[in-house]
Amino acid sequence: MTNSAWLRLGNAPAGRRHSWDGPETAEKALPDFVPRPRLRRTHEWSDESYDYRAEVYDRVTHQPLSDVALLERDPGLPDSWWSALRRSLDAVAHLDTDRVAIRQERLHWALPKFLESDVGTEVPAWSCAHADVQWSNLIGPDLCILDWERWGLAPVGYDAATLFISSLTVPALADRVRHEFAHVLDTPGGRFSELVVASEFLQGMQRGNNLELEEPLRRRVAALLGQ
């Protein structure tokens, strides 16, 4: 192993691992211009107790913009970063895949439960998504998008909605996300995706996660629901 590579190891109880092919299938499907750590090799093995997977990537020399999903302040990213992100997520949205990131069955259960509203749960339109575009998976000031494990079909606008909801604690940043992705967020599908992402964060808050987001998130949900 040289200092130009990054080794990632994973394990799961034998026979109980989820699909581990997300990074590998993403590497094959994504256009070269989408900035991400390029996956070079994979290897899987097992023993009596565990399944294991090793992945070798190009080394990333910059840190993510946050250690967690949210930010405490606007990172002041250049216009070129936003242009690259918009271009990349638009390209991802147009990929053809049978992978599923967000399941309709969960939405039938989760939206009424966590939004506490008799809201429609049928996805109006689907497209491909990275499915985890929050601040700990983004690098700047030169864009790099990390962690492609989950990519697959999701409600239209899901990636932009995830980034927008993740930015609500920094209003100026949320406004910038809204401006850059108005072409998807300001649509019925984009508004539905905001409710989907809101339900996910609200579920996490029941476990004590991202509590600083609760007040602005509940205001946004009320606005979306016309309350």
note = Quick shape check on the stretch 106-227: root eigenvalues a ≥ b ≥ c of the Cα gyration tensor, a/c under 1.5 is rounded, otherwise prolate if a/b tops b/c, else oblate, and it reads rounded
request  = Sort all Cα-Cα distances of the stretch 1-153 into consecutive 5 angstrom bins from zero, then give the percent of pairs in each bin up to the one containing the longest distance.
outcome  = 2, 8, 14, 16, 18, 17, 13, 8, 3, 1, 0, 0
key: Stretch gain in nm, segment residue 42-residue 103, where the contour uses 0.36 nm per residue and the Cα spacing is subtracted   = 19.2 nm
key: Cα centroid separation - the stretch 155-227 against the stretch 95-143, whole Å   = 11 Å
task = Pop a pseudo-label 7 angstrom from the Cα along the beta-carbon direction at both residue 20 and residue 94 and give the gap in nm to one decimal.
result = 3.4 nm
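Please return the longest stretch of the chain lacking exposed loop sites, where trypsin sites (Lys or Arg not before Pro) count only if DSSP places them in a loop and at most 15 other Cβ atoms lie within 10 Å. Before the final figure, lay out each step's value.
Values: sites that count: 16, 38, 59, 73, 103, 207.
Formally, the longest exposed-site-free interval is 104-206.
For residue 207 and residue 11 in one chain, what is 0.36 nm times their gap in residues minus the Cα-Cα distance, to one decimal in nm? All intermediate terms of the calculation are to be shown ahead of the outcome.
Details: separation 196, 0.36 × 196 = 70.56 nm, distance 2.43 nm.
Here the segment from residue 207 to residue 11 would lengthen by 68.1 nm.
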note = For residue 127, other-chain or 5+-apart residues with amide H closer than 5 Å (H placed, Pro excluded) are 154, 156
note = Under 18 Å by backbone N from the virtual spin label 7 Å along Cα-to-Cβ at residue 29, the residues of the stretch 118-150 are 125-134, 145-150
query = Can you tell which of 51, 159, 21 shows the greatest fluctuation in a Gaussian network model of the chain with Cα springs below 10 Å?
reply = 51
message = Is there a quick way to get the dipole size of the chain? I mean about its Cα centre, with the Cβ of Lys and Arg at +1 and of Asp and Glu at -1; what is the value in debye to the nearest 20?
response = 40 debye
task = Go ahead and set up a Gaussian network model of the chain, Cα springs under 10 Å, then flag whichever of 131, 54, 110 fluctuates most.
result = 54
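Each value in this text was obtained by applying a stated rule to the coordinates, not by laboratory testing. Since the model is a prediction, treat every value here as computed from it, not as a measurement. When we count neighbours, we look across all protein chains shown, and the Cβ atoms used for this are built from the backbone with ideal geometry, even at glycine.
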